[in-house]
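Colleague: Quick one: the structure is below, and I'll ask about it shortly.
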Amino acid sequence: MNGTFRQSMNWLHTWSGLLVGSLLYFMFITGSLGYFDTEIDRWMQPEIVLSGEAEASEMVLLAEKYVTQQVANVESWRVALPVGREPLLTVSWQDTQGASGETILNPHTGLPVAVRKTGGGQLLYMMHWQLHYLPNQVARWLTSIAAMFMLIALITGIVVHKKIFKDFFTFRPNKKQRSWLDVHNIFSVLPLPFHLMITYSGLLFLAGSTMMPAIITGSYGTDWQSYFDERSSRAAIVEPAGETVAQLPLVTVIDDVEQRWGMKGVTRVVVDNSGDRNARVSFSRFLSDDLRARETLSYDGISGELLHDSAAKKTSLPTQTSTVLLALHEGLFASWPLRWLYFLSGILGAGMIATGLILWAVKRRAKAERLGKAHRGLVFVEGLNAGTIIGLPIAIAVYFWANRLLSVNVADRAETEVAALFIAWAITLIYPMFRPVQRAWVELLWVAAAAYGLLPIVNAFTTEHHLANSLAQGDWVMAGFDLTALAFGAAALRAAFYLRAKESRGLVKSSGKSKVETLVAVPIKASAP
Amino acid sequence: MHFFSERFFNPVSSRIAAAVVGGFLLANLLSILLSYVVYSLSPVAKVDGVNVGILSSFLIYAVIIIWVFAARSVRQVWLGLLAAASLSAVGITLLMPENLL
Amino acid sequence: MAVGFTLSFLGCVLLSLSMKRHYAQVNRNGSLSKRVSIVLRVLAYQCLFACGAVCIQRCGVGIGLVWWWGLLTLTALLQSLLLAYRPQMLRFLKVAV
């Protein structure tokens, strides 16, 4: 196109990154947080009672008792057990009239627990592909398209990077553009397997509902159910027969599960078509040493006969490939140290996008200073960069602040917390319009330092699970959250000091009062106010 | 009018359209064709053929996009897309399972 | 996993030292001969692959590979930062070389 192959790939890399960079940054940040979604859930719901030594079979029976007593005409229900990372015993149900509900139960008594309503970490994680305030399909299309741009940016980036091996460890600080390029390269190349995997598997997740449904339709027409049944290692879904038959109490099925697996690792129990001839009960558990992560036993709900064992079905290579890729993306199999490595890779990915955007702005700003005028697009991107790269983390901190500060009984509590997040983000996006850009960066960093650094203190004032207590009790989820918040606050503080020092040394331009005369004498027209 | 057409129908926007629209269609066609080839011409199950198609689809699309921007001329791009799409369409009609429509 | 981490980190250190630019950062006076560079590089790859072997042996192929690449990323990042900000910490290797 414009000149050589490398040059056109450079153009493609720049534009694919620039157009969706902010959205991708949002996806990487929320996605990375998603690796700790249940931990964040726990911090955001400090009222929950931990299961401790409660027996799995006991908890399932308590849940069964609750549902059969509380819900008339139940059609299907499920129990999520507090196993592994999951702290809550949750029961959710649907009845024949179409109503549904979800309750958190005390794992020892089986009685409902009043827990503050919150989107929790789950919501942050789901926003990573569902966004928010947008119809689901629209959001999926946007994130799919962004992921496609990301794939192109990765491939073209590899093509363009001339010294990918020589520059592998290279980072030269304090060299303005060169340093930003070095950081961008390091954040991109070092976790490259992760970036490629996460992008491609992300595309695969949404392929069927957005970009590539034609491939399924091309062979199955309108009968997508067959496709899902053939692909899945779970039992086929059956419709209710319409015939009411007495249900087998779960205790019989539990005995069989106890024999095959032992109840200890069971994470979920699902009852479909309750009270009907075609009732089905399935038990699922995680495999801790296998990428595929989950296996299921499906039983006939009337006779208690084992109908399907997901482990028994031999999966073909293409199916295994899909499953492995999707499992790698979700990282459900990961123990906590590995989870931290996932989180690190995700944050590096966000950093890759951020440094790419900053690099573009820095390069164009240097050119603008030479020419004496700045393009409106540059000013827009500079403001957007500050407001997104620092603004989004601030907004997420505000989400956590709202969780602690909002009264437990407020109506629409979960939605209000999210609204706080987006309002805060909107403010941080608008803020750079009113300040010189470099100042805006520093000021936003101060705010981020305060937002994260003070979070454990807010926690201490509003709950009993503050840092001193959680460290004393060995509650590493709560303590870990507070400590991580402190770490982010400290990092933001360091960055703020560093940038301010650079500014006062006159190395960085900012209009407004500056004690040292700036190095560039050329007047800039139409630059940031 | 001349200015208008120059502004919007320039080589860059043409390639963008080729990549986004043409490439998307071609990627779908090629993936469908691939899935047919896999399970029609080998003892692989239908669902696995479809999965191979889906797994490959994004790689195929990425390669097409890169080619669209690397190709020497815009004419080459559109002709290439059309040729590939026509050939795929022929292949698809030949290999399409009978009970589909 | 501490073993894995150590192997991976060592591998990264050796690999970076086998490159002229980084050797010069650590060892101000000496210059990198081709022979030393090759030796360093071979040792480095041995360490890195040994790390992979340890991870796979401990966790199986799937999860082991994930650990391996995660450790490679982390240690490469640490080494880059070390080279940029505290190259003097690696001076002791001058003696070994």
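The values are calculated or read from the model by the stated rules, or taken from the named source; none is laboratory data. These numbers were taken from a predicted model, which means no experiment stands behind them. For neighbour counting, all protein chains shown are included, and Cβ atoms are generated from backbone atoms with ideal geometry for every residue, glycine included. Note: areas computed on protein heavy atoms with side chains; ligands, DNA, RNA excluded. Shrake-Rupley method; radii C 1.70, N 1.55, O 1.52, S 1.80 Å.
Colleague: For a quick size check, give me the Cα extents of the stretch A:1-132 along its three principal axes, largest first, whole Å.
Modeller: The Cα atoms of the stretch A:1-132 stretch 73, 36, 24 Å along their principal axes.
Colleague: If I ignore ligands, DNA and RNA and count only protein heavy atoms, how much of C:W68 is accessible to a 1.4 Å probe, in Å² to the nearest 10?
Modeller: 40
Colleague: Cα extents of the protein assembly as shown along the three principal axes, largest first, in whole Å?
Modeller: So the three principal-axis extents are 87, 71, 63 Å.
Colleague: Do any residues of the stretch B:55-76 lose at least 20 Å² of accessible area when the full set of protein chains is present rather than just their chain alone, and if so which, with a 1.4 Å probe?
Modeller: B:L55, B:S57, B:F58, B:L59, B:Y61, B:A62, B:I65, B:I66, B:F69, B:A70
Colleague: Obtain the nm distance between the two label points defined at B:S42 and A:S504 by a simple spin-label model: each point lies 7 Å from its Cα along the Cα-to-C-beta direction.
Modeller: Here the modelled spin labels are 6.7 nm apart.
Colleague: For chain A, what is the accessible area per residue in Å² when the probe is 1.4 Å?
Modeller: 47
Colleague: Additional query: Given only helices, namely DSSP H runs of n ≥ 4 each adding -39500 (n - 2.57), what is the per-residue ellipticity at 222 nm of chain B, to the nearest 500 deg cm²/dmol?
Modeller: Using -39500 (n - 2.57) per qualifying helix, the result is -25500 deg cm²/dmol.
Colleague: Can you list residues whose amide H is under 5 Å from A:K117's amide H, if they're 5+ apart or on another chain and H is modeled 1.01 Å from N?
Modeller: Those qualifying (amide H under 5 Å, at least 5 residues apart or on another chain) number zero.
Colleague: Starting from the 7 Å offset along Cα-to-Cβ, what nm value, one decimal, do you get for the label separation of A:K176 and A:I164?
Modeller: 3.0
Colleague: Can you list the residues, at least 5 places off or on another chain, whose amide H is less than 5 Å from the amide H of A:R294, using H built in the peptide plane?
Modeller: A:L287
Colleague: While we're here: In the protein assembly as shown, with Lys and Arg counted as +1 and Asp and Glu as -1 at Cβ, which of these residues, A:A99, A:F36, B:V68, has the Cα nearest the positive end of the dipole, that is, farthest along it?
Modeller: Positive-end residue among those listed: B:V68.
Colleague: Leaving out ligands and nucleic acids, note down the accessible area per residue over the stretch C:2-93 with a 1.4 angstrom probe, in whole Å².
Modeller: On the way: 4760 Å² over 92 residues.
Roughly 52 Å² per residue, with all protein chains present.
Colleague: Can you divide the C-alpha Rg of the stretch A:140-243 by 2.2 N^0.38 Å and report the result to two decimal places?
Modeller: Against the compact-globule rule of thumb, the ratio is 1.66.
Colleague: What total accessible surface area, summed over both chains, is buried at the interface between chains C and A, computed with a 1.4 Å probe and given in Å² to the nearest 100?
Modeller: The C and A chains share an interface burying roughly 2000 Å².
Colleague: Related question: Per DSSP H run of n ≥ 4, the term is -39500 (n - 2.57); total these for chain A, divide by its residue number, and report the mean residue ellipticity at 222 nm rounded to 500 deg cm²/dmol.
Modeller: Value at 222 nm, helices only, nearest 500: -19000 deg cm²/dmol.
Colleague: Hey, for a label at A:Q69 modelled as a point 7 Å past Cα toward Cβ, could you say which residues of the stretch A:96-137 have their backbone N under 20 Å away?
Modeller: A:101-115
Colleague: How long are the semi-axes of the ellipsoid equivalent to the stretch A:182-222, from square roots of 5 times the Cα gyration tensor eigenvalues, in whole Å, largest first?
Modeller: 34, 7, 6
Colleague: Am I reading the A/B interface right? What is its buried accessible area, both sides, 1.4 Å probe, to the nearest 100 Å²?
Modeller: 2900
Colleague: Go through the stretch A:328-373 and flag every residue whose accessible area shrinks by 50 Å² or more with all protein chains in place compared to the isolated chain (probe 1.4 Å).
Modeller: Residues losing area: A:L338, A:L341.
Colleague: Still on this structure, please answer the following. Among all the aspartates and glutamates, which ones have a C-alpha under 18 Å from B:K46's C-alpha, if same-chain residues fewer than 8 places away are not counted?
Modeller: A:D223, A:D229, A:E230, B:E98
Colleague: With every protein chain kept in the model, how would you rank A:D255, B:D48 by accessible area, 1.4 Å probe, largest at the top?
Modeller: The ranking, largest first, comes out as A:D255, B:D48.
Colleague: Could you pull out the pairs from A:K163/A:K373; A:K264/A:K313; A:K373/A:K502; A:K363/C:K20 whose alpha carbons sit more than 26 Å apart here? Before the final figure, lay out each step's value.
Modeller: Numbers: A:K163/A:K373 33 Å; A:K264/A:K313 23 Å; A:K373/A:K502 23 Å; A:K363/C:K20 29 Å.
Pairs exceeding 26 Å: A:K163/A:K373; A:K363/C:K20.
Colleague: To continue, here is another question. For A:K264 and A:Q225 in the same chain, what is the full-extension length gain: residue separation times 0.36 nm, less their Cα-Cα distance, in nm?
Modeller: 10.8 nm
Colleague: Compute, for C:C47, the solvent-accessible surface of its heavy atoms (probe 1.4 Å) with the complete set of protein chains present, and express it in square angstrom to the nearest 10.
Modeller: Using a 1.4 Å probe on the heavy atoms, I get roughly 20 Å².
Colleague: So, one more: With Kirkwood's inverse mean 1/r over C-alpha pairs for Rh, give me the Rg to Rh ratio of the stretch C:2-93, two decimals please.
Modeller: Here the Rg-to-Rh quotient is 1.03.
Colleague: A:A311 to C:N29: FRET efficiency via 1/(1 + (r/R0)^6), r the Cβ-Cβ distance, R0 60 Å, to the nearest 0.05?
Modeller: 0.45
Colleague: Any idea of C:M1's accessible area? Nearest 10 Å², probe 1.4 Å.
Modeller: 50
Colleague: With a 1.4 Å probe and every protein chain kept in, tell me what percent of the accessible surface of chain A is carbon plus sulfur.
Modeller: 61
Colleague: How far is helix A:56-70 tilted, in degrees, relative to the longest principal axis of the Cα atoms in chain A, given as a value from 0 to 90 rounded to the nearest 10?
Modeller: Approximately 80 degrees, to the nearest ten.
Colleague: Okay, next question. Using a 1.4 angstrom probe on heavy atoms only, work out the carbon and sulfur share of the accessible area of the stretch C:2-93 in %.
Modeller: C and S fraction of accessible area: 68 percent.
Colleague: If you don't mind, another one. Give a quick list of chymotrypsin sites (Phe, Trp or Tyr not before Pro) in the stretch A:61-135 that DSSP marks as loop, anything other than H, G, I, E or B, with at most 14 other Cβ atoms within 10 Å.
Modeller: A:Y133
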